[in-house]
1. Given the conditions (1) closer than 25 Å to residue 6 by Cβ; (2) among the hydroxyl-bearing types (Ser, Thr, Tyr); (3) not in a strand (DSSP E or B), and given that residue 89 satisfies all but one, which numbered condition is not satisfied?
2. Quickly run through segment 103-136 and pick out the residues that are at pLDDT below 95 and in contact with a strand residue (DSSP E or B) (Cβ under 7 Å, 6 or more places away or on another chain).
3. Quick one: which residue in 82, 164 is part of a loop (DSSP other than H, G, I, E, B), closer than 22 Å to residue 299 by Cα, at pLDDT 95 or above and touching a Lys or Arg at 6+ places or on another chain (Cβ under 9 Å)?
4. Please list, ordered by first then second residue, the pairs with beta carbon atoms under 7 Å, 6 or more apart or interchain, first in segment 311-337 and outside the structural domain of residue 234 (by TED's automatic domain parsing), second in a helix (DSSP H, G or I) and not basic (Lys, Arg).
5. Report yes if some residue within segment 263-274 is assigned to a loop (DSSP other than H, G, I, E, B) and touching a Leu at 6+ places or on another chain (Cβ under 7 Å); otherwise report no.
6. Any residue at all in segment 331-342 that's in contact with a Leu (Cβ under 8 Å, 6 or more places away or on another chain), more than 14 Å from residue 230 (Cβ to Cβ), crowded, with 17+ Cβ neighbours inside 10 Å and modelled with pLDDT of 95 or more?
7. Got a number for residues in segment 179-197 being under 21 Å from the mean Cα position of the chain (by Cα) and among the aliphatic types (A, V, I, L, M)?
8. Please go through segment 97-123 and pick out each residue that is in contact (Cβ under 8 Å) with a residue 60 or more places away in the chain and in a helix (DSSP H, G or I).
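The values are calculated or read from the model by the stated rules, or taken from the named source; none is laboratory data. On a predicted model such as this, the values are computed, not experimentally measured, just so you know. Cβ: placed from backbone, ideal geometry, glycine included. Neighbour counts: every protein chain shown.
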Amino acid sequence: MKFDLLQMVEYGGCSAKISPKQLEEILKYLPLPMDPNILVDIDTHDDAGVYKVNDDLALVLTTDFFPPVCSDPYEFGQIAAANSISDVYAMGGDPVLALNIMMFPAAKLPIEAYADILRGGFDMATEAGVRIIGGHTIDDFPPKYGLAVVGYIHPDKIITNSGARPGDSLILTKPLGIGVILAGLRLGMSSVRDVTDAKCLMKLLNKSGAEVMKKYNIKGATDITGYGLAGHALKMARASKVSMVINMKKVPYIGDSYILIDEGCIPGASFRNLEYAETDIDFASDLDYNLKMLAFDAQTSGGLLFSAPTEKVSKILEDLKSAGLSDSNVIGHVTEPLEKCIYLNN
């Protein structure tokens, strides 16, 4: 008999992150080492750290873990691993090695469920070409799982969240709504179809999207996770010293997620994300409220958001769709810095 992990958690996936506002306060107390080989650190709140080994090789370093987002332990392992590896892809790197991070409540979770989580993580890592070579486990409730990941990248080919340039188009590779669908699942409001689609998207590696970015020499990107489209776009705009205009009617979303918001199914993480970002965002007077809240929906293992020269967009979209990212779309553009960092409109 399968063990239902959702019986053990209140918040799962990237919606369990502390608020971005709290994170920024905490990071003020974190000393930064001075080392010329550190190419990317927390200064711009990028997706991963990058350390130069030599003129031809740098290491991409990241870690991520969270409580369950679904009932099935094996699927949870797959999703958590895909999410952890995603930060390396967002930087344009090739993930290579990983360590398991596991919080396992030994008195409450059957050992078979523990094994299935690890097996799901191993299989997803294998799909990504990543070798898991160890890890660490503590007895803790509720269960949590993720990876610490190391990737390779050429020092001159790093994609960062500070690489967006005025005139670029903004491309999103996966639809939004994962947080809403998962909240609806707990409330018995989400359809089986939408839950299935959300889990498939979370298990879809950003590997193909990263390959397209590298092919077209993209410079600016991030992946969309716990702080939602608006939160991560804001961090990207700040780091790049630009503004971004996002047309929410161009943003793809999963199934009935818009309708679920209309019915009041809005996760708490959405309001935390809104509180953090709203002072730096201009909301169009006619902006649809449901689309506005979708912009702040916490994604788990979400898609890539990247800026691309407009003249390359048609070819990029063609390649993304050919690679299986059928929902990829241009959702806005980058401008010179304006009064606000982000402009959300219809």
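1. Tallying (1) closer than 25 Å to residue 6 by Cβ; (2) among the hydroxyl-bearing types (Ser, Thr, Tyr); (3) not in a strand (DSSP E or B), residue 89 fails exactly one: (1).
2. If the condition is that a residue be at pLDDT below 95 and in contact with a strand residue (DSSP E or B) (Cβ under 7 Å, 6 or more places away or on another chain), then 103, 104 are the ones that fit.
3. Criteria check complete, one pass: 164.
4. none
5. Within segment 263-274, one or more residues are assigned to a loop (DSSP other than H, G, I, E, B) and touching a Leu at 6+ places or on another chain (Cβ under 7 Å).
6. yes
7. 6
8. To start, the set of residues in segment 97-123 that are in contact (Cβ under 8 Å) with a residue 60 or more places away in the chain comprises 105, 108-110, 112-113.
Selection gives 112, 113.
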